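See structure below.
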Amino acid sequence: MRVEVERETCVSAGMCVLSAPDWFDQDEDDGRVVVHHQAEGPDDAVEQAVELCPSGAIRLRSTTPD
């Protein structure tokens with residue numbers, strides 16, 4: 001799985017940072033989501049961040065071909 005974010009959709013709520021601080025941060029200038037790194041198989045905290053994101057700006061995408 002790969003983490004994808006739509007910074008334009010982000011409302012800077014910070015739920016991603018609270019849920020998965022090893023994965024996410026907020027931009028110092030506009031407060032929007034920033035992904036720290038990409039790795040295969042995001043953990044439960046990332047999945048929780050996706051669920052808690054009020055704007056739906058964070059998604060998990062499969063890296064395997066359909």
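The values are calculated or read from the model by the stated rules, or taken from the named source; none is laboratory data. For clarity, every value in this text was computed on a predicted model and none was experimentally measured. Quick reminder, even Gly has a Cβ in these numbers, built from the backbone with ideal geometry, and neighbours come from all protein chains shown.
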Check your understanding: Which members of region 5-25 meet the condition of being of a type outside the set (A, V, I, L, M, F, W, C) and farther than 15 Å from PRO54 by Cα?
Key -> PRO21, ASP22, ASP25
Review point. Among the residues of region 11-33 satisfying the criterion of being under 12 Å from ILE58 (Cα atoms) and touching a Ser or Thr at 6+ places or on another chain (Cβ under 6 Å), which is surrounded by the most Cβ atoms within 10 Å (Cβ to Cβ)?
Key: ARG32
Exercise for review: Could you look through region 1-58, keep only residues that are of a type in the set (D, E, K, R) and touching a helix residue (DSSP H, G or I) at 6+ places or on another chain (Cβ under 8 Å), and pick out the one that is modelled with the highest pLDDT?
Suggested key: ASP25
Exercise for review: Please work out if GLU47 is free of Cβ contacts under 8 Å to residues at least 24 places away in the same chain and outside any loop (DSSP other than H, G, I, E, B).
Suggested key: yes
